[in-house]
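Here is the structure we will look at.
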Amino acid sequence: MKYSALAISLISLFTLVGCGEQPSQTADAGASVSVQDVAWLLETEPAGAVSVSEVKASATEGQTVVVRGRIGGRKEPISDGSPVFTIVDLSLPHCGEIPGDKCKTPWDYCCETPEDLTANSVTIMLASVDPRVGGLKELDEIVVEGAVGPRPNESVLTVIATGVFVVK
């Protein structure tokens, strides 16, 4: 399999980090990016999106999927200069949705157990471009369409994205 080494590398790349750390750098909030500027950024929402937990439970390698989630799951869910990022099922509240929580990085979901976070997160890979180029940032709700990469086990799901729609 040509993606096997890549999948293993991605698994080791994404580790959970706790609350209370400084926020990661994000794209300029004032920057405006249009779908004409970025080929993978979709103008219309793909039909038939399913939750992260649903696609993770049933997706098979090579299958085309459309999945809805929120960018997060680690202190730095979008790695600088990397085409890889993570999304989390919308049913899992991020720390900023918990009353009284003062976490500086609510997108890391440190208020959830590692088991729940693993069960409800998916790795997304774009075609060799940093997701910030398209204006993506932590806690954005998105819909991703693409093909399922190698699944060495049921807890690993990587989607090789062909399109991303940002939900407003």
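Read the figures in this text as sums done on the coordinates, not as results from a lab. Predicted model only: the values in this text are computed from it and were never measured. Counting neighbours? That spans all protein chains shown, and the Cβs are built from the backbone with ideal geometry, glycine included.
Couple of notes before you dig in:
- Put simply, when 118-124, 135-141, 91-97 are sorted by average Cβ atoms within 10 angstrom per residue, most first, you get 118-124, 135-141, 91-97.
- In terms of distances greater than 22 angstrom between alpha carbons, the cross-link table entries K102/K168; K104/K137; K137/K168 yield K102/K168.
- If the chain linking A57 and A39 were pulled fully straight, counting 0.36 nm for each residue of separation and taking away their Cα-Cα distance, it would gain 3.6 nm.
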